[in-house]
1. For B:H68, are the conditions met, namely being crowded, with 23+ Cβ neighbours inside 10 Å, in contact with a His (Cβ under 9 Å, 6 or more places away or on another chain) and farther than 18 Å from B:I96 by Cα?
2. So, in the range B:5-42, exactly how many residues are of a type in the set (S, T, Y), open to solvent by 10 Å² or more (accessible area, probe 1.4 Å) and more than 14 Å from chain A (Cβ to nearest Cβ)?
3. Out of the residues in the range B:170-202 that are among the β-branched types (V, I, T) and open to solvent by 10 Å² or more (accessible area, probe 1.4 Å), state the one that is nearest to B:N118 (Cα to Cα).
4. Among the residues of the range B:133-169, which ones are under 16 Å from the mean Cα position of the chain (by Cα) and exposed (fewer than 15 other Cβ atoms within 10 Å of the Cβ)?
5. So, in the range A:42-58, of the ones that are surrounded by fewer than 17 Cβ atoms within 10 Å (Cβ to Cβ) and free of Cβ contacts under 8 Å to residues at least 12 places away in the same chain, which residue ends up farthest from the other protein chains (Cβ to nearest Cβ)?
6. Just the residues that are more than 13 Å from the chain's Cα centre (by Cα) and within 14 Å of another protein chain (Cβ to nearest Cβ), please, taken from the range B:94-128.
7. Can you name the residue in the range B:203-217 that is crowded, with 22+ Cβ neighbours inside 10 Å and within 26 Å of A:I26 (Cβ to Cβ) and, of all such residues, is farthest from the other protein chains (Cβ to nearest Cβ)?
8. If only one of A:E5, A:E31, A:E39 is closer than 22 Å to B:E136 by Cβ, more than 7 Å from chain B (Cβ to nearest Cβ) and either over 9 Å from the mean Cα position of the chain (by Cα) or in contact (Cβ under 8 Å) with a residue 12 or more places away in the chain (or both), which one is it?
Amino acid sequence: MISKEEEKKLVLARLETMSDNIKVSIGSEGELSKEDLIEHVKKGDKLGKLVIGMQIKYLRSLKSGL
Amino acid sequence: MQTKRFLITRPNHDDAVSYLFQWSIEILKFAKNKGINYSDFKGSKANRKEVTKFLIKQDPGFVIFNGHGSRNIINGHKDEPIIICDENEHLLKSKITYAIACDAAAELGQKAVDKGANAFIRYEGPFCFVRDAAKECTPSRDKFVVPFKKFSNEVIISLLKGKTIKEAYERSQKIGLDLIKEYSASDAIPEYKDIRFWLFWDKNFQKFIGEEIASFL
């Protein structure tokens, strides 16, 4: 079981590998770049926490074969 | 008397909804080819006054909302609220609703079903998709959005084929999973790894409530 801080670091490391050629349209938040997402995760705001939560869930799903 | 006609809102006032506007063209072509009637509330027509009037007078059996939203609102053109929780969700009574609008179910969807909506399929978080940063002006040429379009449109196509809401949801979920696997087959295109995460995101947040066997046709 990893700590919240470790989860955040893991997700930030994963976001760093995000392609620079894309933007992600996130509902009413608009179009976000890699840098925007990293900022939200660092701030730990509502979107940032959602991204962390979903990234961890995704990684667990990959581990169990989706 | 309820009509076998569906209503679709297609605002296009910002980049995100412009993509949804484009995706829906495929839906409308499909409907036309199948001889299914629809009313297209595009651009500024996607407003509360016109949509409300249509919902009351024409009583369509299926309603598709493209746009932004929140836990208790579905928006239309320029984010004007069209359906507001505790105000007019009763307009969705006896209908199947598909809302490609963020969060529009946690509260609004449940209340609509409580007030007699047959079923409500929606996203419990922000609906997301990956875009090619270089294709901003030509969304129709953006290949990165294709899997997201396929995933979302499958709900509608399935319902237009006469499937139940449960079947439409399950088919969309299966397509989502198949697409994640398809985009996992190779990392030759670096953007694929981002696509598969955000597909997982949408797949995870897509939910339906209401009568499982509800169908449009």
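The values are calculated or read from the model by the stated rules, or taken from the named source; none is laboratory data. Quick caveat: nothing in here was measured; it's all calculated off a predicted structure. Neighbour counts are summed over all protein chains in view; Cβ atoms, including those assigned to glycine, are modelled from backbone coordinates with ideal geometry. Note: accessible area is taken over every heavy atom of the protein model, side chains too, but ligands, DNA and RNA are not part of it. Shrake-Rupley method; radii C 1.70, N 1.55, O 1.52, S 1.80 Å.
1. Here the answer is no, as B:H68 does not meet what is asked.
2. Quick first cut of the range B:5-42, residues of a type in the set (S, T, Y) only: B:9, B:18-19, B:24, B:38-39.
Pick out the ones that are also open to solvent by 10 Å² or more (accessible area, probe 1.4 Å) and you get B:18, B:38-39.
If we keep only those that are more than 14 Å from chain A (Cβ to nearest Cβ) too, we end up with B:38-39.
Here the count works out to 2.
3. B:I175
4. B:V146
5. Step by step, filter the range A:42-58, then rank; the result is A:K43.
6. B:A106, B:G125 - these are the residues of the range B:94-128 that are more than 13 Å from the chain's Cα centre (by Cα) and within 14 Å of another protein chain (Cβ to nearest Cβ).
7. Here the answer is B:F208.
8. Details: A:E5 fails: closer than 22 Å to B:E136 by Cβ; A:E31 fails: more than 7 Å from chain B (Cβ to nearest Cβ).
Just a single option satisfies the conditions, and that option is A:E39.
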